[in-house]
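Enquirer: Have a look at the structure that comes next, please.
None of the figures in this text is laboratory data; all of them are computed from the coordinates on show. Values in this document were obtained by computation on a predicted structure and should not be read as measured data. Cβ placement follows ideal geometry from the backbone for every residue including glycine, while neighbour counts extend to all protein chains displayed.
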Amino acid sequence: MTRRLGIAILLGSAAFAAAPGYAQTLREDASEVIVVTGQHPRDQASSGTKTDTPLAETPQSITVITADDIAGLGLQNLNQALRFVAGVTPEQRGSSAEVYDQFKLRGFDAPQFLDGLKLQGGVGYLSPQIDVSRLDRIEVVKGPASVLYGQSGPGGLVALSSKMPLDRNLYGAISGSYGNYDLYRVDADIGGRAGEGVLWRINGSANGASTQQRFGERERQTVSAAVTVGSGSSSSFTLLGAYSHDPKNGTYSVFPASGTFLENPNGKLSTKWDGGEPDNFFSREQAALTYIFNHDFGSGWSLRSSGRYQYVSSKLGIVYPGGSLDSNDPAQRLYDRYSYASDEQLNAWTFDNQLHGTVITGPVKHDILFGTDRQVSHAKQFVAFGSATDIDAFNPVYGTMPVPRTPLTVPDSTPQRNQVNLRQQGVYAQDQMSVGGLRVVLSGRQDWARIDAYGQTSKSEKFTWRAGALYTTSIGLAPYVSYSTSFEPQTSRLGTPDALGEVAKPSSGKQIEAGVKYTVPGTPILLTAAWFKIDQTNLVTSNPLTNLVTQAGKVRSRGVEVEATAPLPYGFNAKLAFSRQRLKTIEDTNPANIGKGILGVGRGGISANLEWAPNDGALQGFAIGGAVRHVDKVYAGTYPYGATPGAPTNTPSYTLADALIRYDIGALSSRLKGLTVSANVTNLFDKKYISTCYLDYGWCWYGNRRTAQATIGYRF
């Protein structure tokens, strides 16, 4: 690994790189690097209100991440992109679960929406993942958003936007990346006009890497194609198809708490250690077809209709360490292991129809939105959990058992077939009123949901709403306050595996948020600060010792967040994100849980990015920068195994540094126009740290060690 790291840094110092994963950056002026796909300004978002609204006039916290940000920081997945968002506890399973984008937003799991439509998930281990090469931008909506999107958690949601055809004659880009851990990326993007009002675009990526753990390897090939008919007219229709093949999905495993977070007399386990088997596998296939129809009626009224069919399948077979030491081993070297295999499929349909218009009543302007949406999903799972041989963590011997290839080959198990069908229908309305400097948002929604799971049918309905007000002043200050609610059907089944009960009831949440936004007059500098309080009820909890699943209680999340985006003089650009939060159980059937936190939720942290790209002079075209990321302690639960009373309940905080360098070679000669090189290093000082622990299970995860990558790209 050291040799490969040295090669990558050498390539980077020779400037043999471009913006990783994209390489389609171009410079419109001397102060800003933008990606070919940019269609919306950074200071505007559509996800919070489903209308294009300036961030400074939206009474809600929203963070925007552009493809330019992803490229400039060399980010490889959504988890990494969310490292720089206030209120997010990122990378829940560290370097050991790149197959998923696992994070907490304001203390809660947050769903993902792609092009305004929810990305549906499966029954157990099946979950879609969108490659960042397909994304034009990411908008993180904080706080309950059910009023516009239906089923959504109280912490908020992540809205992803695909790269769409642009109204240009011909454009394109190609890039290639290399890094340590055998990281590679080859990305391509091309599009243009095919006739009057007809636009097209195709982009794809082949990427992969070895993982930090010994046997892990990920590999992906993905391609997307889109065509728009009627561009520039009152009616347009876009059809977008996407396919991803992930024959290898890295490592989905754990580290035992003893020997990582907790002391073990034999020492610490290496970050390379793998408690599974070389033949562990996890493959996934994804396909989707999306349509978007827009029609402008004139007089300020328009219609948008969109829908998507989504297919996802996955297969996995894994031997993994259970977390606990073998009780018959006084030397504390042997760890219990288990095995499982799963075969899952998902077919889902999602639709959203919106009518948007403007009405003037006296001095008040009303931006009115009416909508209806529907979600249907059919998820199947064939799964089995079983036993496995022990492993000596400090002198591992592999090959003591075969990895199960199907649920039928899992030892000491009874395979199960599960199917969950979900249907949800919603109607919603919203009025954005503006008069003078006052902005008021009122939204309401009615949902009807039905879940058919485990031979049972569960029906529910819920009215959710939101009210917010913001006042803009002549000096750029805009204080605001909002109240919103959430509703989220759940598919968990209560009881124990031997005595299963009814399907859990939907959870509900409510939030009050107050804050202020400040735009420095005459500049794009935006600073935001917010305080929030969220209550969630009907929380589902599982006891890892008894496998009892219950639903009761109430959790509360309180916190403050500060974010700033500041293009500065002399070519500097700065970003800051700070958050401080506390999430705890305030009601529960088990009194021992009251006052405790929720596994995997951190107290907050701070990140700061600074980049220098001279606007003129001999160094024009050159950029250098870096970032510092501090993550505060994360709640880890309590350790129930062995003689370790009073074990710590929080993982230690950690601070990491990143660095980047980039050069637009086109600044040297017009014949080299479009050629860009760069290098990125994350965790620059190679800090070894624990990202999260679930001590109730005896599980922990190491964070990502130093990674370096270099890329060369060309765009036209």
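Enquirer: Hey, got the dipole for segment 254-411? About the Cα centre, +1 on K and R Cβ, -1 on D and E Cβ, debye to the nearest 20? Display every interim value, and only then the final one.
Expert: On the way: 12 positive and 16 negative charges, 102 e Å.
Charge dipole, segment 254-411, about its Cα centre: 480 debye, nearest 20.
Enquirer: So what is the relative contact order of the chain, in percent, for Cα pairs below 8 Å that sit 6 or more residues apart? Numbers along the way, then the final one.
Expert: Values: 2177 pairs, mean separation 106.8, N = 716.
Dividing the mean separation by the residue count of the chain yields 15 percent.
Enquirer: Still on this model: Taking the Cβ of each residue in H356, H630 as the centre, tally the other Cβ atoms inside 10 Å and list the residues starting with the fewest. Numbers along the way, then the final one.
Expert: Numbers: H356 19, H630 14.
Exposure proxy ranking, most exposed first: H630, H356.
Enquirer: As a test of the formula, what do you get for the chain when each DSSP H run with n ≥ 4 contributes -39,500 (n - 2.57) and the sum is divided by the residue count, at 222 nm and rounded to the nearest 500 deg cm²/dmol? Show your work: numbers first, answer last.
Expert: On the way: 4 runs with 27 residues, N = 716.
My calculation for the chain gives -1000 deg cm²/dmol from helical runs alone.
Enquirer: Now for a separate question. With contacts defined as alpha carbon pairs under 8 Å and 6 or more residues apart, what's the relative contact order of segment 240-362 in percent? Provide the component values of the computation, followed by the final result.
Expert: Working: 240 pairs, mean separation 33.5, N = 123.
This gives 27 percent for segment 240-362.
Enquirer: Next up: With unit charges on the beta carbons (Lys and Arg positive, Asp and Glu negative) and the dipole taken about the Cα centre of segment 47-133, which residue among A67, Y100, Q80 sits farthest to the positive side?
Expert: Y100
Enquirer: Quick one: 3J(HN,Hα) in Hz for segment 420-429, Karplus 6.51/-1.76/1.60 with θ = phi - 60°, rounded, Gly and Pro as x.
Expert: Karplus values, whole Hz, x for Gly and Pro: 10, 10, 10, 10, 9, 10, x, 10, 9, 8.
Enquirer: Which of the three applies to segment 58-130, rounded, prolate or oblate, going by the alpha-carbon gyration tensor with a ≥ b ≥ c and a/c under 1.5 meaning rounded? Don't skip to the answer; put the middle values down first.
Expert: Numbers: a/c = 1.41, a/b = 1.19, b/c = 1.19.
It comes out rounded by the Cα gyration axes.
Enquirer: Roughly how many debye, to the nearest 20, is the charge dipole of the chain about its Cα centre, given +1 on each Lys and Arg Cβ, -1 on each Asp and Glu Cβ, and no other charges?
Expert: 520 debye
Enquirer: For segment 597-716, with only Lys/Arg (+1) and Asp/Glu (-1) charged at the beta-carbon, what is the dipole magnitude about the Cα centre, in debye rounded to 20? Kindly include the intermediate steps, with their values, before the conclusion.
Expert: Values: 11 positive and 7 negative charges, 45 e Å.
That gives a dipole near 220 debye.
Enquirer: Tell me, what is the percent relative contact order of segment 581-666, built from C-alpha pairs under 8 Å that lie six or more residues apart? Don't jump to the answer; show the numbers that get you there.
Expert: Numbers: 151 pairs, mean separation 22.8, N = 86.
For segment 581-666, the relative contact order is 27 percent.
Enquirer: Applying a 10 Å radius around every beta-carbon, put 149-155, 359-365, 610-616, 344-350 in order of their mean neighbour count, most first. Let's see the in-between values first.
Expert: Numbers: 149-155: 26.6, 359-365: 10.4, 610-616: 16.4, 344-350: 20.7.
Highest to lowest by the protection proxy: 149-155, 344-350, 610-616, 359-365.
Enquirer: Which value results when the Cα radius of gyration for the chain is divided by 2.2 N^0.38 Å? Could you put the intermediate results ahead of the total?
Expert: Numbers: Rg = 25.2 Å, N = 716, 2.2 N^0.38 = 26.7 Å.
My calculation over the Cα atoms of the chain gives 0.94.
Enquirer: Something else: Name the residue farthest towards the positive end of the dipole of the chain from the options L477, T550, Q536, assuming +1 on Cβ of Lys and Arg, -1 on Cβ of Asp and Glu, about the Cα centre.
Expert: L477
Enquirer: I've got another one for you. Provide V85, V520 in ascending order of the number of other Cβ atoms located within 10 Å of each residue's Cβ, fewest first. Kindly include the intermediate steps, with their values, before the conclusion.
Expert: Working: V85 23, V520 12.
By the 10 Å Cβ count, ascending: V520, V85.
Enquirer: Provide the gained length on full extension for the span T655 to S670, in nm with one decimal, where the gain is 0.36 nm per separating residue minus the Cα-Cα distance.
Expert: Details: separation 15, 0.36 × 15 = 5.40 nm, distance 4.19 nm.
Using 0.36 nm per residue and subtracting the Cα-Cα distance, I get 1.2 nm.
Enquirer: Moving on to the next point. Which order do the peptides 377-385, 433-441, 397-405 take when ranked by the mean count of other beta-carbon atoms within 10 Å per residue, highest first?
Expert: Details: 377-385: 19.9, 433-441: 16.2, 397-405: 14.6.
In descending order of packing, they fall as 377-385, 433-441, 397-405.
Enquirer: Packing-wise, with mean Cβ within 10 Å as the measure, how do 676-686, 442-452 rank, highest first? Provide the component values of the computation, followed by the final result.
Expert: Details: 676-686: 22.3, 442-452: 18.4.
Highest to lowest by the protection proxy: 676-686, 442-452.
Enquirer: What is the order of W301, W465, fewest Cβ neighbours within 10 Å to most?
Expert: Values: W301 14, W465 17.
Lowest count first: W301, W465.
Enquirer: What lysines sit close enough to K554 to cross-link, taking a C-alpha to C-alpha distance under 21 Å and skipping anything fewer than 8 places away on the same chain?
Expert: K104, K142, K462, K505, K510, K533, K584, K596
Enquirer: Output wanted: per-residue J couplings in Hz (rounded whole) for segment 349-355, from phi through Karplus 6.51 cos²θ - 1.76 cosθ + 1.60, θ = phi - 60°, x for Gly and Pro.
Expert: Running phi through 6.51 cos²θ - 1.76 cosθ + 1.60 with θ = phi - 60° gives 10, 9, 9, 8, 10, 10, 10 Hz.
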